[in-house]
Every structure is written in structure tokens, then in C-alpha cells.
1. Could you pull out every residue, at least 5 positions away or on a different chain, whose amide H is within less than 5 Å of the one on Gly246? Hs are placed 1.01 Å off N in the peptide plane, and Pro or chain starts have none.
2. Using Cβ counts within 10 Å as a stand-in for footprinting exposure, how do Lys227, Lys60, Lys47, Lys115 rank, fewest first?
3. Give the order of Cys79, Cys152 when sorted by the count of other beta carbons within 10 angstrom, beginning with the fewest.
4. Order of Arg117, Arg87, Arg245 from fewest to most other C-beta atoms within 10 Å?
5. Note the direction-averaged projected area, equal to a quarter of the hull surface, for the Cα convex hull of the stretch 196-255, in nm².
Amino acid sequence: MRISAHLGWRRVRALAGGFLIFAFSWSNALCAETPADALAGANQQYKAGHFREAAELYQKAVTDGETSAALFYNLGNACFRAGNFGRAILNYERALALHPQHPEASANLHLTQDKARALELKTAWWDRLIGQVAPNTYAIAAATSAWLGAFCFVAWLFRKRRSALLVLFSLLLLASAIGAAAALFALETGNHGRALAIVVDREIEARVATADNAGSVLVLPAGSEIKIISTRGDWIYAALPNDLRGWIPAGSAERVRL
């Protein structure tokens, strides 16, 4: 009798504990701020002229995993209004990486670069040309063309009457796949590929070695472009504007591609 009563009491406690955990989790879910709420709050702070607070809320949305050209554009505007030109340029670049034909982001980027006197990497004409299209578009085009070309070639192999036109069409599709893949490779490895980073701190000195007292190579204003080549501890070795190379502190620059 005592044993059954004891078991019954333990069951009641377990149920009560489970209810409390459920209730606590449910209340937390109700109180949790959704990304839409955070963005709405950021927009309100921006409209009220609280640009630093707006930038923090936009950045929180990015940290929580939200990525879109509109979000990076708004974050860039908030950083610009707050006087943080380095991060404004970084976020305009991130918006353009997702949406290369974003006219407002492009215009604000050039305006901020001029205001910050930021230095830019030299870009070849072909790099600028292929940069007008988002990387995902090249990847989709390459994959689609390759699959269609392979399908047409297999269809030609198994046809009783083999058509030269079908072979030509297959070869053209495969050639377009190779071209799209080459453009994607050039875009990813070029000056504006995944290695592109933006200096977010003010007046960073690139040096000849990984030491604060090493000789100076170039002074980089906030918003300047660099191309990361390698890292060593707390230092980044990078290609710099004016065809130079040097070491800068790792925390002073951030990659454009997340």
C-alpha cells in the first residue's frame, strides 16, 4: 500500500514537473522576438533617427541568420547615418553580392567610398562584366546546361536514326555549361570573389610582417577593399590596392561573402 502510494506521488510530481517545463517553454516562445519583429523595431529606430540602435537591430537579424539584399542595404544605410563608413561599405557590398543590379546599393556604395576616401582593388574588365550577374545564376546555368546536354547526348546514342542536329545541340549545351562554370570560377576567385574583404576599422596600416612595429606598406582608410590570401594567428596577409601586399590585424576587416 505504501509502495503504490509512493509511486503515485512520484507520478504526480513528474507530471507537475513536465507541466511546469512545458509552461515555461511555451511562455518563452510567446516572449521570443521573431525576425520580423526585430526588423520592424529596427525600421522604427531608423525612422526615429536612432541610427546606431537601428544598426544594432539589423545586425542582430543578420547574426540570427537573416540574409537578403534589402536587409544588408538597410544595415548599410543605418551604419552610414551613424558615421560608420567602413561597415556601411561592407553591407552595401553584401547587398550587391546577392543582387548585383541593386541600383540604390550601388549608388550609396560609390557615395560612401568617396566620402570615406576608401581605396579599391583594381578590377579587370571581364571581372566587372561577369560581376553583373549573381554567382547563383552561373551555378544554375552550368548545372542546367550540363544535365540537358548529357540527356540530349544519351538520347542521340539510343535513337535509331541519329540526328546531327541533336549532336550539335548537345555540344552547344555542354559548351554553355563549361562557359558558365568558367565564369563562376573566375567570379569566385577574382578580386570580388569569396576572398574579398572590407576594412571596417579606421586608418589601418598594412605592414611587411606580423608585428605592430613592422614597416608600413600602406595606410588603409575604413571601407578599403582587400583580397585575403592567407591568415596567420591574429593577422591576415592580403592583396591591397595599388598592387601591394601586406599584413593587417584579422579583426580589422570582414569578408563580404558570409
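1. Amide H neighbours of Gly246: Ala238, Leu240.
2. Lys47, Lys115, Lys60, Lys227
3. Taking fewest neighbouring Cβ atoms as first place, the list is Cys152, Cys79.
4. On the way: Arg117 11, Arg87 22, Arg245 15.
In increasing order of surrounding Cβ atoms, one gets Arg117, Arg245, Arg87.
5. 3.3
Each reported figure results from applying straightforward, stated rules to the coordinates on display, with no laboratory input. Computed from a predicted structure; not experimentally measured. Note that we place each Cβ from the backbone using ideal geometry, even for glycine, and neighbour counts take in every protein chain shown.
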